[in-house]
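Colleague: Can you keep this structure in mind? I'll have questions shortly.
The values are calculated or read from the model by the stated rules, or taken from the named source; none is laboratory data. On a predicted model such as this, the values are computed, not experimentally measured, just so you know. As a convention, Cβ positions derive from the backbone with ideal geometry for all residues, glycine included, and neighbour counts pool all protein chains shown. Quick note on the areas: whole protein, heavy atoms, side chains included, nothing else; ligands and nucleic acids left out. Shrake-Rupley method; radii C 1.70, N 1.55, O 1.52, S 1.80 Å.
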Amino acid sequence: MLLIAAPYHELDPASYDASMALIPLDEAREYVLTSCQRLPAVRLPLWESLDHVLAQAVTAPEPVPLFSSTAMDGFAVRSSDTQDAPVELVVIDTASAGHPSTAELEPGTAIRIMTGAPIPKGADAIVKVEDTTLPPDDPSGKRVVVAHPVKPGAHVRPRGESLLQGDEVFPAGTLIRPAHLGMLASLGMDEVEVYKLPKVAVLSSGDELVEIRDTLGPGQIRDSNRYLLSSSVHQCGLEALDLGIVRDDKDLIAQAVSLGVDKADAVVMSGGVSMGDFDYVKVVLDELSRGNMRWMQVAIQPAKPLAFGLIKNKPVFGLPGNPVSSLVSFELFARPALLKMAGRTHIHRLHLQTIADEEIVVHSDGKLHLLRAVIHQASDTQLHLRLAGNQGSHLLKPLARANALALVPSGANISPGERVEAMILDPEEVGVTND
Ligand code: AMP
Ligand code: MG
């Protein structure tokens, strides 16, 4: 049995304002999301539009495809000529992609044709090359024997099959993925109207933090959160602006946050949001936001403390310093908010029901526990879940192993084989096994 104990500082009543009630996760997230607005639209070259959201519906300026063409290599024919097949036809020309034939089919004739070539005048069907032979008495290719009758329209990709002129290609709000980019390119759209992606300033605060190349002095640790959080920003498809490490000093914190809101669309900072003696972030953010900052104690474990508010109308996230708490907080609050700013509609991670492969017990503390977990698809095609190791919120290795967070309510006692809800962090790393 694995008993998940909350880290000491999260249980210590002296480290928090006892009057501060725990807020349910949904309520805290709703507050954050309501405060974050979609950014304005910009016109971008098509090349740069991947992972952006269309701000305007796109309509077809012309039918797609623009001309009827063949889907197969073979012979363009008049289908009526093939009704009594096998039948011999005279080959009068050759057409290939980019080289249309200008000839017109008369009864009894065919045109050799390659995939993508326009359907010649007079033809209404394609006979696949596999369904033809050369006449035994004439191997020159000037005549062809069609083995079976073909129906009108066989292997023809008709003009306007996909879209007629003026049809909606994609509605506003569509996320541009490679296939959308390809479609827009096929319509000749070299620019698109999309919502701007937020640029996100990332900074770490704490006197104990040093850059990763520096030699560690007594009590010092390397700043891992900036790497963790900036790369999470990148994984959202967004640009991170690195604001470095800031000492536990009111003026320096104020300078860094002010720079962040001037240069970026949102600020994500970690550390200093607890109630420790040197946690100045609260004082500074309260001042800079003119009291607009909200200090929340969210009913989750880890990542209970969250500071969130607008400074100069830009969202500022004060995440807890413990690396696991920082990432969980980013996942739950910052990620959906940043995606909303980018105009995205699917902003939450996928939640799935899994089967616990081991007993999971959490104590009764009124919080939703988000446990680092590994899920995999087993031979029963169900998703199975195991915990990824020690659940301390300072431990990065189990977090790195995890591809999901198990959502376990306060006081739950889940037996092996029972259901457990999981939030998928890394869908590409969900393995499929035979066990
Ligand atoms: P704080 O939220 O500032 O009270 O920090 C809580 C814990 O997280 C402390 O043990 C800090 O040393 C640690 N911590 C804070 N910021 C970072 C960071 N950027 N990288 C790694 N650990 C951190
Ligand atoms: Mg600190």
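Colleague: Looking at region 388-407, which of the residues that are more than 25 Å from the chain's Cα centre (by Cα) and under 22 Å from residue 366 (Cβ atoms) is surrounded by the fewest Cβ atoms within 10 Å (Cβ to Cβ)?
Modeller: Step one: list which residues in region 388-407 are more than 25 Å from the chain's Cα centre (by Cα), which gives 389-395.
Filter again for under 22 Å from residue 366 (Cβ atoms), leaving 391-393.
Values: 391: 25, 392: 17, 393: 24.
Among residues in region 388-407 that are more than 25 Å from the chain's Cα centre (by Cα) and under 22 Å from residue 366 (Cβ atoms), the one surrounded by the fewest Cβ atoms within 10 Å (Cβ to Cβ) is 392.
Colleague: So which residues in region 272-315 are within 13 Å of ligand 1 (Cβ to nearest atom), in a helix (DSSP H, G or I) and of a type in the set (A, V, I, L, M), if there are any at all?
Modeller: 281
Colleague: Being touching a residue at least 24 places away in the same chain (Cβ under 8 Å), near ligand 1 (Cβ under 10 Å from one of its atoms), open to solvent by less than 10 Å² (accessible area, probe 1.4 Å) and in contact with a helix residue (DSSP H, G or I) (Cβ under 9 Å, 6 or more places away or on another chain): is that true of residue 318 here? Give the derivation first.
Modeller: Details: touching a residue at least 24 places away in the same chain (Cβ under 8 Å): yes; near ligand 1 (Cβ under 10 Å from one of its atoms): yes; open to solvent by less than 10 Å² (accessible area, probe 1.4 Å): yes; in contact with a helix residue (DSSP H, G or I) (Cβ under 9 Å, 6 or more places away or on another chain): yes.
For residue 318, the condition - touching a residue at least 24 places away in the same chain (Cβ under 8 Å), near ligand 1 (Cβ under 10 Å from one of its atoms), open to solvent by less than 10 Å² (accessible area, probe 1.4 Å) and in contact with a helix residue (DSSP H, G or I) (Cβ under 9 Å, 6 or more places away or on another chain) - is met.
Colleague: Among the numbered criteria (1) at pLDDT 95 or above; (2) surrounded by fewer than 20 Cβ atoms within 10 Å (Cβ to Cβ); (3) at positive phi, which one does residue 291 miss?
Modeller: Result: residue 291 passes all but (1).
Colleague: Tell me, please, whether a residue that is in contact with a Leu (Cβ under 6 Å, 6 or more places away or on another chain) and either modelled with pLDDT under 95 or farther than 30 Å from residue 164 by Cα (or both) can be found in region 63-84. Walk me through how you get there before you give the answer.
Modeller: Just the residues of region 63-84 that are in contact with a Leu (Cβ under 6 Å, 6 or more places away or on another chain), to begin with: 63-64, 78.
From what's left, either modelled with pLDDT under 95 or farther than 30 Å from residue 164 by Cα (or both): 64.
So far as region 63-84 goes, yes, one or more of its residues are in contact with a Leu (Cβ under 6 Å, 6 or more places away or on another chain) and either modelled with pLDDT under 95 or farther than 30 Å from residue 164 by Cα (or both).
Colleague: What is the one condition in (1) open to solvent by less than 10 Å² (accessible area, probe 1.4 Å); (2) touching a residue at least 40 places away in the same chain (Cβ under 8 Å); (3) over 23 Å from residue 403 (Cα atoms) that residue 325 does not satisfy?
Modeller: (3)
Colleague: Same structure, new question: So is residue 94 open to solvent by 30 Å² or more (accessible area, probe 1.4 Å), touching a residue at least 12 places away in the same chain (Cβ under 8 Å) and more than 30 Å from residue 343 (Cβ to Cβ) or not? It would help to see each step written out before you state the result.
Modeller: Working: open to solvent by 30 Å² or more (accessible area, probe 1.4 Å): yes; touching a residue at least 12 places away in the same chain (Cβ under 8 Å): yes; more than 30 Å from residue 343 (Cβ to Cβ): yes.
Yes.
Colleague: Consider region 55-71. How many of its residues are in a loop (DSSP other than H, G, I, E, B) and touching a strand residue (DSSP E or B) at 6+ places or on another chain (Cβ under 8 Å)?
Modeller: Residues of region 55-71 that are in a loop (DSSP other than H, G, I, E, B), as a first pass: 55-57, 60-63, 65-68, 71.
Then drop every residue that is not touching a strand residue (DSSP E or B) at 6+ places or on another chain (Cβ under 8 Å), which leaves 55-57, 60, 63, 65, 67-68, 71.
Total satisfying the criteria: 9.
Colleague: Test of understanding: among 102, 115, 34, 94, which residue is part of a strand (DSSP E or B), among the polar types (S, T, N, Q) and at pLDDT 95 or above?
Modeller: Values: 102 fails: part of a strand (DSSP E or B); 115 fails: part of a strand (DSSP E or B); 34 fails: part of a strand (DSSP E or B).
Of 102, 115, 34, 94, the one residue that is part of a strand (DSSP E or B), among the polar types (S, T, N, Q) and at pLDDT 95 or above is 94.
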